[in-house]
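Note sheet for the following structure.
The values are calculated or read from the model by the stated rules, or taken from the named source; none is laboratory data. Nothing here was measured: the structure is a model prediction, and the numbers come from that model. We place every Cβ from the backbone using ideal geometry, glycine too, and count neighbours over all the protein chains shown.
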Amino acid sequence: MSTITTKDGTQIYYKDWGAGESVVFSHGWPLSSDSWEAQMMFLASGGYRCIAHDRRGHGRSSQPWIGNDMDTYADDLSELIEAGQERDPEDLCGRASRPCGHAQIPT
């Protein structure tokens, strides 16, 4: 199982499929990285590297009491991208119950 540990000690689970230009996927509440499998399979088969994570408090990631807010979700995703040395992913795809967490990631 692939995980990173964030600065506050939270374990974030992620999938990393394929090779090539990177596409990073981020799910919304109450989903997990599994919600992106069809898109990831299609793109990875077409020569892209696909990365998807389970947000803290979701799926196979840690279930911490703190940090369950959009700013921390964005920080976690930023740490995942940096850990994978994907400073400039080709695309960032998001699915959310409200459109806010994905726009907060610094470029």
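Data overview
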| item | result |
| --- | --- |
| Among residues of the stretch 56-75, those that are among the acidic types (Asp, Glu), farther than 16 Å from TYR14 by Cβ and either outside any loop (DSSP other than H, G, I, E, B) or in contact with a strand residue (DSSP E or B) (Cβ under 8 Å, 6 or more places away or on another chain) (or both), counted | 1 |
| Those residues of the stretch 47-70 which are under 26 Å from GLU21 (Cβ atoms) and of a type in the set (Phe, Trp, Tyr), in sequence order | TYR48 |
| Test: residue in the stretch 25-44 that is of a type in the set (A, V, I, L, M), touching a residue at least 24 places away in the same chain (Cβ under 8 Å), touching a Lys or Arg at 6+ places or on another chain (Cβ under 8 Å) and under 15 Å from GLU82 (Cα atoms) | no |
| Condition met for GLY47 (over 16 Å from ILE4 (Cβ atoms) and modelled with pLDDT of 95 or more) | yes |
| Filter pass, ASP16 being assigned to a helix (DSSP H, G or I) and on the phi < 0 side of the Ramachandran plot | no |
| Subset tally (residues that are among the hydrophobic types (A, V, I, L, M, F, W, C) and part of a helix (DSSP H, G or I)) for the stretch 24-46 | 7 |
| Condition check for GLY18: closer than 18 Å to ALA83 by Cα, touching a Cys at 6+ places or on another chain (Cβ under 6 Å) and not charged (D, E, K, R) | yes |
| Selected residue [β-branched (Val, Ile, Thr) and touching a residue at least 40 places away in the same chain (Cβ under 8 Å)] from ILE51, ILE66 | ILE66 |
